[in-house]
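All remarks here apply to the structure that follows.
The values are calculated or read from the model by the stated rules, or taken from the named source; none is laboratory data. Predicted model only: the values in this text are computed from it and were never measured. Here Cβ is always computed from backbone atoms with ideal geometry, including for glycine, and neighbour counts include all displayed protein chains.
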Amino acid sequence: MIVETKDSELLTIFYDGHCPLCVAEMNHLARKDNNNAIELVDIHQDGFAQLYPEIKHSDAMKILHGKYQGKTLLGLEVTHRAWTLVGKGFWVAPLNWPVIKTLSHFVYLGLAKYRQPISSFLAKVFGLKANNCNSGICYDNSTNTDNRRK
């Protein structure tokens with residue numbers, strides 16, 4: 001049974017489409033979204049700033065952003081809401097438990113910060129692909145001293 005969702009019930013996720021790990025998770029989530037409750041938006045798409053002026057690209061590169069029922073969700077709030085909407089909330093329920101919530105948020109921020117090198121490694125090992133990565137390397141400008149996308 002497919003249930004139609006109202007726009008106010010739609011979760012919009014703003015993700016890094018240059019990150020193979022991020023793309024793999026969004027693809028997995030999309031396959032589970034039988035009720036079309038989630039809209040996935042690549043923050044690197046043309047015209048992103050004009051389409052979503054309330055989401056700063058630089059902020060979205062640091063932490064996952066989402067919009068749900070008029071509110072902005074960040075990081076694991078987005079993950080928890082997304083998997084709950086597709087009926088798999090039990091997978092991520094522990095992320096909201098006391099003590100674990102604090103620890104998981106800290107771990108998430110570290111993973112988010114270093115997702116590009118982690119994704120690059122996993123892309124090479126597991127063959128993950130993303131739109132703008134060459135041979136699993138997802139940096140935009142090799143002349144940057146730290147080789148990370150700015």
Legend entry - When residues of region 56-93 are limited to those that are touching a Ser or Thr at 6+ places or on another chain (Cβ under 8 Å) and aliphatic (A, V, I, L, M), the one modelled with the highest pLDDT: L64
Inset, instruction - Might you let me know whether region 120-129 holds any residue that is more than 22 Å from N34 (Cα to Cα), exposed (fewer than 12 other Cβ atoms within 10 Å of the Cβ) and either at pLDDT 90 or above or in contact with a Ser or Thr (Cβ under 6 Å, 6 or more places away or on another chain) (or both)? - result: no
Inset, instruction - Could you tell me whether H28 is part of a helix (DSSP H, G or I) and either modelled with pLDDT under 95 or within 30 Å of G127 (Cβ to Cβ) (or both)? - result: yes
Inset, instruction - Return yes or no: is V92 part of a helix (DSSP H, G or I), in contact with a His (Cβ under 9 Å, 6 or more places away or on another chain) and free of Cβ contacts under 8 Å to residues at least 60 places away in the same chain? - result: yes
Legend entry - Within region 80-106, tally of residues that are within 16 Å of the chain's Cα centre (by Cα) and closer than 19 Å to A24 by Cα: 8
Inset, instruction - Select from region 40-56 the residues that are surrounded by 15 or more Cβ atoms within 10 Å (Cβ to Cβ) and not in a loop (DSSP other than H, G, I, E, B) and list them in ascending order. - result: L40, V41, D42, F48
